[in-house]
Amino acid sequence: MHFKKANDYDVIVIGSGAGGLTAAVALAQAGKKVLVCEQHEVAGGWTHSFTLEGYRFSPGVHYIGDLQPGGALRRILEGLGVSEDLTFIELNPDGYDHFYLGDRRFDFPKGKAQMIRRLKEY
C-alpha cells in the first residue's frame, strides 16, 4: 500500500464538517491539491445521522438559514458550483418549530417580528 506524504499536498484540511468541506472545495477549485482528514467514519461533520438501539438520530443540522436567493450562504454554494445539485425548501413561515407545554402547542414562526407577534398572542 502506498501512502502519500504531507508535502504531496498544498493544503491539509482537518475535519470534514461544513466549514472544512467548503474550504476544501474552494481550494481545489483554485487548483490546490487538498487532503481532507476526518476522524469519524463518515464525512460531513454534524450533517450525518446514526442509529442506536433501533432509533435514528440526527445530531446536527435540521435546517439552515440564509439560503434565499441573494443570501450569503446561497451565494457561497453558487460560487462553489454546488447549488444546482441542491433543492431549497422554505420552512413554513407560520410555524416550523413546535413546542409543547402540557397539552398546549406553541408554534415558532419565521422572522423576528412574527415571533414577537406570536408570543403576544400566547
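Where in segment 9-78 are there strands (runs of 3 or more DSSP E), lying fully within it, with 1 or more residues that are under 28 Å from P109 (Cα atoms) and over 14 Å from the mean Cα position of the chain (by Cα)?
Working: elements: 11-14, 34-37, 50-52, 55-57.
Here the list reads 55-57.
Would you check if there is a residue in segment 27-42 being crowded, with 17+ Cβ neighbours inside 10 Å, within 19 Å of I76 (Cβ to Cβ), in contact with a Ser or Thr (Cβ under 8 Å, 6 or more places away or on another chain) and hydrophobic (A, V, I, L, M, F, W, C)?
yes
Search segment 38-50 for residues that are of a type in the set (S, T, Y) and pair each with any residue that is exposed (fewer than 12 other Cβ atoms within 10 Å of the Cβ) when their beta-carbon atoms are under 8 Å apart and the residues are at least 6 apart or on different chains.
Qualifying pairs under 8 Å: S49/R56; S49/F57; S49/S58; S49/P59.
Name every residue in segment 43-56 that is hydrophobic (A, V, I, L, M, F, W, C) and surrounded by 10 or more Cβ atoms within 10 Å (Cβ to Cβ), in order of residue number.
Start the filter on segment 43-56 by keeping residues that are hydrophobic (A, V, I, L, M, F, W, C), which leaves 43, 46, 50, 52.
Matches in segment 43-56: A43, W46, F50.
Can you find a residue that is within 25 Å of D97 (Cα to Cα), among the hydroxyl-bearing types (S, T, Y) and in contact with a Lys or Arg (Cβ under 7 Å, 6 or more places away or on another chain) anywhere in segment 52-65?
No, segment 52-65 has no match at all.
So the check is Cβ under 6 Å with 6+ separation or different chains; which pairs have a first residue in segment 13-26 that's more than 16 Å from V61 (Cα to Cα) and a second one that's not in a helix (DSSP H, G or I) and not aliphatic (A, V, I, L, M)?
Sorted first by the residue in segment 13-26, then by its partner, the pairs are I14/C37.
Taking the condition touching a Gly at 6+ places or on another chain (Cβ under 7 Å), among the aliphatic types (A, V, I, L, M) and not assigned by TED's automatic domain parsing to the domain that holds Y96, does A72 pass? Full working, then the answer.
Details: touching a Gly at 6+ places or on another chain (Cβ under 7 Å): no; among the aliphatic types (A, V, I, L, M): yes; not assigned by TED's automatic domain parsing to the domain that holds Y96: yes.
It is false that A72 is touching a Gly at 6+ places or on another chain (Cβ under 7 Å), among the aliphatic types (A, V, I, L, M) and not assigned by TED's automatic domain parsing to the domain that holds Y96.
Do we have any residue at all in segment 38-55 that's farther than 20 Å from G81 by Cα, touching a Cys at 6+ places or on another chain (Cβ under 8 Å), of a type in the set (G, A, S) and outside the structural domain of L77 (by TED's automatic domain parsing)?
So in segment 38-55, the residues farther than 20 Å from G81 by Cα come out as 38-42, 45-46, 48-55.
Filter once more, keeping what is touching a Cys at 6+ places or on another chain (Cβ under 8 Å): none.
Scanning segment 38-55, I find no residue that is farther than 20 Å from G81 by Cα, touching a Cys at 6+ places or on another chain (Cβ under 8 Å), of a type in the set (G, A, S) and outside the structural domain of L77 (by TED's automatic domain parsing), so the answer is no.
The values are calculated or read from the model by the stated rules, or taken from the named source; none is laboratory data. Bear in mind that the values here come from a model prediction, so they are computed numbers and not experimental data. Counting neighbours? That spans all protein chains shown, and the Cβs are built from the backbone with ideal geometry, glycine included.
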